[in-house]
Each structure stands twice: as structure tokens, then as C-alpha cells.
Amino acid sequence: QVQLVESGGGLVQAGGSLRLSCAASGRTFSNYRMGWFRQAPGKEREFVATITGSGARTYYADSVKGRFTISRDNAKNAVYLQMNSLKPEDTAVYFCAAAETVKVKYDYWGQGTQVTVSS
């Protein structure tokens with residue numbers, strides 16, 4: 001069981017940067033694979049990035065690879081998404097999610113934080 005709260009969303013100009021944070025509850029944070037997803041109006045929720053429990057491995061959607069960086073600090077029960085070179089198409093509600101390491105499905109989700117990139 002884990003509770004997630006995102007923060008750091010806002011309005012930014014194209015080409016700018018933004019850093020999202022996700023604060024997690026629980027004493028077993030390192031047991032969870034963490035992910036970032038996003039959903040734009042009228043679109044399905046899409047995968048953005050994920051990081052393993054130890055932080056040893058990361059994976060990114062092709063659309064954000066090279067621009068976004070996911071990281072975690074298990075001592076702080078936190079996950080971050082550094083977003084650089086933002087584009088208008090990055091505009092969406094961004095969600096933090098957690099999954100038990102051995103499972104594929106993400107069982108826990110934050111409330112989401114809005115990211116708007118202006119042209």
C-alpha cells in the first residue's frame with residue numbers, strides 16, 4: 001500500500017524546463033517500480049518513463065527520450081521527472097504511479113498535476 005502525491009506542474013514556454021516531484025508514503029518504497037504517465041484531453045493515458053526500485057534501470061517513451069529524466073531518492077520516498085526542451089505536445093496531466101516490482105500493472109496512482117507548454 002502506497003499513497004502518491006505529485007507536485008511541480010505549471011505553465012512553461014516551449015523549450016523551457018520543469019521538474020515534477022512525487023512524494024510517496026510507506027516504509028517499503030524501494031520495493032516499488034515507479035512510473036510517470038500523462039494524459040491529454042481526448043487521449044488515452046500514455047507511458048512516459050519508469051524506474052526500478054533500486055533506481056538502477058530506467059526506461060522512456062520514444063517521444064520523451066533524450067529530453068526527460070526520471071530519478072528517485074529512496075531515502076526521501078520521492079520520484080522526480082526532469083523535463084527539458086518542452087514542447088506544446090507535452091501538455092497533459094502527469095501522473096505518478098507505483099507497482100510492486102514483480103508485477104506489471106501499476107496499482108497506485110497520484111491525483112495528477114497539470115503541465116501546460118505554450119508555443
> Residues in segment 92-115 that are part of a strand (DSSP E or B), over 24 Å from Val12 (Cα atoms) and of a type in the set (Ser, Thr, Tyr): how many?
Replying inline: 1
> Among Gly35, Gly26, Gly16, which is the only one that is among the small types (Gly, Ala, Ser) and within 15 Å of the chain's Cα centre (by Cα)?
Replying inline: Gly35
> Regarding Ala61, is this residue over 21 Å from Gly15 (Cβ atoms) and more than 11 Å from the chain's Cα centre (by Cα)?
Replying inline: no
>> Out of the strands (runs of 3 or more DSSP E) lying entirely within segment 36-83, which hold 3 or more residues that are among the β-branched types (Val, Ile, Thr)?
In response: 46-51
> How about segment 97-106: which of its residues are within 19 Å of Val64 (Cβ to Cβ) and out of contact with any Phe, Trp or Tyr (no Cβ under 6 Å at 6 or more places or on another chain)?
Replying inline: Tyr106
> What are the residues in segment 71-103 that are closer than 14 Å to Phe37 by Cβ and open to solvent by 10 Å² or more (accessible area, probe 1.4 Å), if any?
Replying inline: Val93, Phe95
> Can you tell me which of Thr116, Thr91, Thr52 is touching a Leu at 6+ places or on another chain (Cβ under 6 Å) and closer than 21 Å to Val5 by Cα?
Replying inline: Thr116
>> Among the residues that make up segment 17-25, is at least one of them within 10 Å of Ala97 (Cβ to Cβ), open to solvent by 20 Å² or more (accessible area, probe 1.4 Å) and not small (Gly, Ala, Ser)?
In response: no
> Which condition breaks for Val48 when tested against (1) open to solvent by 50 Å² or more (accessible area, probe 1.4 Å); (2) closer than 19 Å to Val117 by Cβ; (3) β-branched (Val, Ile, Thr)?
Replying inline: (1)
>> For the structure I just gave you, tell me whether Thr69 is closer than 14 Å to Gly8 by Cβ, touching a strand residue (DSSP E or B) at 6+ places or on another chain (Cβ under 6 Å) and without any contact (Cβ under 8 Å) to a residue 60 or more places away in the chain.
In response: yes
>> Among the numbered criteria (1) within 22 Å of Gly15 (Cα to Cα); (2) touching a residue at least 60 places away in the same chain (Cβ under 8 Å), which one does Glu89 miss?
In response: (2)
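The values are calculated or read from the model by the stated rules, or taken from the named source; none is laboratory data. Since we're looking at a predicted model, the values are computed, not measured. All Cβ positions, glycine included, derive from the backbone under ideal geometry; neighbour counts span all protein chains shown. These accessible areas exclude ligands, DNA and RNA; they are computed on the full protein's heavy atoms, side chains included. Shrake-Rupley method; radii C 1.70, N 1.55, O 1.52, S 1.80 Å.
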